[in-house]
Each structure stands twice: as C-alpha cells, then as structure tokens.
1. Of these, B:Thr72, B:Thr51, B:Thr55, which one is open to solvent by 20 Å² or more (accessible area, probe 1.4 Å), in contact with an Asp or Glu (Cβ under 8 Å, 6 or more places away or on another chain) and not small (Gly, Ala, Ser)?
2. Please state which of the following conditions B:Ala65 fails to meet, knowing it meets all the rest: (1) open to solvent by 10 Å² or more (accessible area, probe 1.4 Å); (2) within 18 Å of B:Val13 (Cβ to Cβ); (3) in contact with a His (Cβ under 8 Å, 6 or more places away or on another chain).
3. Sort out for me the strands (runs of 3 or more DSSP E) sitting completely within segment A:1-112 that have 1 or more residues that are within 23 Å of B:Gln6 (Cα to Cα) and open to solvent by less than 20 Å² (accessible area, probe 1.4 Å).
4. Restricting attention to segment B:66-115, which residues are touching a strand residue (DSSP E or B) at 6+ places or on another chain (Cβ under 6 Å), in a loop (DSSP other than H, G, I, E, B) and within 14 Å of chain A (Cβ to nearest Cβ)?
5. Just to be sure before I move on: is A:Arg110 within 11 Å of chain B (Cβ to nearest Cβ), of a type in the set (Lys, Arg) and touching a Leu at 6+ places or on another chain (Cβ under 8 Å) in the structure I sent?
6. Take the conditions within 14 Å of chain A (Cβ to nearest Cβ), crowded, with 21+ Cβ neighbours inside 10 Å and under 30 Å from A:Lys9 (Cα atoms) and apply them to B:Leu33. Does it pass?
7. Every residue in segment B:75-93 that is under 9 Å from the mean Cα position of the chain (by Cα) and either surrounded by fewer than 20 Cβ atoms within 10 Å (Cβ to Cβ) or farther than 15 Å from B:Gly108 by Cβ (or both), please.
8. Just to be sure, is B:Gln45 at the interface with chain A (Cβ under 10 Å from one of its Cβ atoms), of a type outside the set (A, V, I, L, M, F, W, C), touching a residue at least 24 places away in the same chain (Cβ under 8 Å) and under 22 Å from A:Asp1 (Cα atoms)?
Amino acid sequence: DSGVTQTPKHLITATGQRVTLRCSPRSGDLSVYWYQQSLDQGLQFLIQYYNGEERAKGNILERFSAQQFPDLHSELNLSSLELGDSALYFCASSDWTGGGETQYFGPGTRLLVL
Amino acid sequence: AQSVTQLGSHVSVSEGALVLLRCNYSSSVPPYLFWYVQYPNQGLQLLLKYTSAATLVKGINGFEAEFKKSETSFHLTKPSAHMSDAAEYFCAVSDDGGATNKLIFGTGTLLAVQP
C-alpha cells in the first residue's frame, strides 16, 4: 500500500459526459501528479500540482482540467468524453518536486467510455 | 528532452534464470532514472532509482540496476527469477533534470516466468 488513494476504482460512462477523479496523496506529500495509461499511448504525464499550484503540464487535453485543494487532495476533471479517453488514470505523490524524488502511485481509476 | 527506450516488449525466462530487462536513456543533463513494476490490476511500485550517488543501485525483491553513462543504459537485472516476478516493468527518467520531477516512461516490458 503506497498511501495514495484514488476514487473511484472503476468508472463507466458515455461519450459526451463529464467525470471527476479524486486523489488523496500520502500524508505530508505536497506534490501530486496525474498520469494516463492507455494501450496506444502508454504511460503519459498529464499534469502536476505542488501545494495547490500548477507546476508542470504534459500532454493534457483542453477538455481535461485539474486542481489541488488546500487539504492537498486533487481532482482530475474530464469533460466531453470520447471513446479514446478510456484508460487507466494514475495519481502519484511526492513530498516535494525535486529531481530524483520518489513518486508513490495510487491504484488508479479505470475509466471506460462507451 | 529526456526519453527512455526499453528494448523488448515481452521477455520470457525460466524460474531460477537470470532476468535482464534493457533500458537506454537520452538526456542532455545528468539523469535521474527509475524502474517501476506494475502487477496486474495494480498501481506502479518503485523497484529502485539512480540519483548519481552510486552507479550500481540495489532495489527491492533482489533487483539491481547499473548506470552506465558511456552506454547511456540502466538495465535491470535479477540473478534468479521467481514466479512472483511476473509483471510489467517500466523504466523512467525524471524530466528537466529535476525542475519538475515529472516522469517520462518507457513503453514497458512484460516479464513472463516459466516454471
């Protein structure tokens, strides 16, 4: 158990809908990262927050957004969903943002868009 | 920009045999390198990481990796495979030399262990 929790574990929805994925980092960790894992794209970095502020952006679509709240939990919002958004979404956390810092991964949310 | 390449999307070994999973990196700055393992229907777990302290890095479950700058490699090895090692293994590099610590992953290697 990494100490990172993600809810829900599974999500099934329809095209055009909007969903919210939630992540609670390990106790004391200030940095949260979101990654997407799909068969065709592999594991891709989406976005990072550090202590409530956006720190880095990767290949995140404009239809996707995220935020980190004062209690340090984070939410990833996916809207106007398409079939290709079906993937495993991971959240990871670390206690700061320096190079070489270990990221601890949650169990993921499996999203299926029908 | 940093990147990693994993040679061999599938590797099969016999129980007790040597495990060798290959990873080559590309980086304009001294890299931070990681190996993660993903068991079926689970998240990623850190096996080991290289942060320039020592070129031979020992990790959990008997795995180790050697950083070779001349070969731009960070291959993962285990002397004797166990059935429980069957999983997918990802090599990753920390981007920007540490500015943000976002991870760039390889495409993964699925390890099968035959009895």
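1. Values: B:Thr72 fails: in contact with an Asp or Glu (Cβ under 8 Å, 6 or more places away or on another chain); B:Thr51 fails: in contact with an Asp or Glu (Cβ under 8 Å, 6 or more places away or on another chain).
Just one listed residue meets the conditions, B:Thr55.
2. (1)
3. Details: elements: A:5-7, A:10-13, A:19-24, A:31-38, A:42-50, A:53-57, A:64-68, A:74-78, A:87-94.
It comes to A:31-38, A:42-50, A:87-94.
4. Matches in segment B:66-115: B:Thr100, B:Asn101, B:Lys102, B:Gly106, B:Thr107, B:Gly108.
5. On the way: within 11 Å of chain B (Cβ to nearest Cβ): yes; of a type in the set (Lys, Arg): yes; touching a Leu at 6+ places or on another chain (Cβ under 8 Å): yes.
Here the answer is yes, as A:Arg110 does meet what is asked.
6. Numbers: within 14 Å of chain A (Cβ to nearest Cβ): yes; crowded, with 21+ Cβ neighbours inside 10 Å: yes; under 30 Å from A:Lys9 (Cα atoms): yes.
For B:Leu33, the condition - within 14 Å of chain A (Cβ to nearest Cβ), crowded, with 21+ Cβ neighbours inside 10 Å and under 30 Å from A:Lys9 (Cα atoms) - is met.
7. Just the residues of segment B:75-93 that are under 9 Å from the mean Cα position of the chain (by Cα), to begin with: B:75-77, B:89-92.
Listed by number, the residues that qualify are B:His75, B:Thr77.
8. Values: at the interface with chain A (Cβ under 10 Å from one of its Cβ atoms): yes; of a type outside the set (A, V, I, L, M, F, W, C): yes; touching a residue at least 24 places away in the same chain (Cβ under 8 Å): no; under 22 Å from A:Asp1 (Cα atoms): yes.
Answer is no for this residue.
The values are calculated or read from the model by the stated rules, or taken from the named source; none is laboratory data. All figures in this text were calculated on a predicted structure; none of them were measured in a lab. Note that we place each Cβ from the backbone using ideal geometry, even for glycine, and neighbour counts take in every protein chain shown. Note: areas computed on protein heavy atoms with side chains; ligands, DNA, RNA excluded. Shrake-Rupley method; radii C 1.70, N 1.55, O 1.52, S 1.80 Å.
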